[in-house]
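To keep things clear, I will list the structure first and then write my remarks on it.
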Amino acid sequence: MELLKLHPLNPEKRLLSHIVEVLENDGVIIYPTDTLYGFVCDITNQKAVERIARIKNIDPRKANFAFLIEDLTHINDFAKPFSNYFFKLMKRNLPGPFTFILNANNSVPKMLKNNKKTIGIRVPDSVIAREIVIALGKPLITSSIPHEETENYIYPSDPEQIFEEFKYKVDIVIDGGIGGIHHSTIVDCIGDEAIITRQGLGDLLL
């Protein structure tokens with residue numbers, strides 16, 4: 001278990017290579033996004049996905065994991081065809097603090113499909129997050145760190161505090177500076193129009 005400091009705008013290639021090595025060996029990492037600090041693991045690594053689910057005390061099949069991708073280039077690898085309206089909407093708002101919900105295609109591992117057979121797509125405005133995806137060469141599964149269901153709860157944003165809380169549960173906590181305390185905005189793109197189902201940090205440009 002280690003606390004690994006990365007430059008938020010120019011993460012060191014050597015350290016990115018180390019992160020990739022950990023991810024390729026069933027690793028689970030906590031990393032900074034443009035919203036909250038979150039868990040991340042290799043999308044194809046079932047053991048790592050199950051580790052995150054155990055930490056969050058949830059069933060992987062019922063979890064709302066999102067796919068972390070570099071950009072919209074390969075979005076059709078996981079989502080069923082969608083309208084040009086939704087593509088333009090995502091292009092206007094990404095990278096950014098949004099999770100777009102799309103219909104999942106058959107390429108998505110069964111354990112990552114929820115009951116509605118949908119997936120969440122994230123392209124955070126975070127250099128560290130996108131550089132990890134680029135270095136690994138494939139999408140990642142991401143999920144926010146667990147929280148207390150209380151009205152006055154404030155998410156931990158200090159990576160050192162996060163490390164103390166999760167150092168025996170994950171392999172690396174990436175220190176990319178103080179993080180945010182708000183969720184992403186969730187945008188449902190399943191029907192004919194975009195519907196905001198959770199207003200978070202992002203204000204959607206329609």
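The values are calculated or read from the model by the stated rules, or taken from the named source; none is laboratory data. Just so it is clear, the model here is predicted, and its values are computed rather than measured. Reconstructed Cβ throughout: ideal geometry from the backbone, glycine too, with neighbour counts over all protein chains shown.
Of all residues in segment 172-196, those satisfying the criterion of being within 17 Å of Ser143 (Cβ to Cβ) and either surrounded by fewer than 20 Cβ atoms within 10 Å (Cβ to Cβ) or more than 17 Å from the chain's Cα centre (by Cα) (or both) are Gly180, Ile181, His182, His183, Ile186. Looking across segment 75-107 at every residue that is part of a loop (DSSP other than H, G, I, E, B) and out of contact with any Asp or Glu (no Cβ under 9 Å at 6 or more places or on another chain), the one that is surrounded by the most Cβ atoms within 10 Å (Cβ to Cβ) is identified as Phe78. Here's a check for you: in segment 34-48, which residue that is touching a helix residue (DSSP H, G or I) at 6+ places or on another chain (Cβ under 7 Å) and surrounded by fewer than 24 Cβ atoms within 10 Å (Cβ to Cβ) is nearest to Leu102 (Cα to Cα)? Here the answer is Asp42.
Taking the condition modelled with pLDDT under 95, in contact with a helix residue (DSSP H, G or I) (Cβ under 8 Å, 6 or more places away or on another chain), within 14 Å of Ile69 (Cβ to Cβ) and of a type in the set (Ser, Thr, Tyr), does Ser143 pass? No, not satisfied. Taking every residue in segment 141-169 that is in a loop (DSSP other than H, G, I, E, B) and exposed (fewer than 12 other Cβ atoms within 10 Å of the Cβ) and pairing it with any residue that is at pLDDT 95 or above and among the polar types (S, T, N, Q), at least 6 positions away or on another chain, yields no pair with a Cβ-Cβ distance below 9 Å. Of the set (1) surrounded by fewer than 21 Cβ atoms within 10 Å (Cβ to Cβ); (2) in a helix (DSSP H, G or I); (3) touching a helix residue (DSSP H, G or I) at 6+ places or on another chain (Cβ under 8 Å), all apply to Ile19 but (1).
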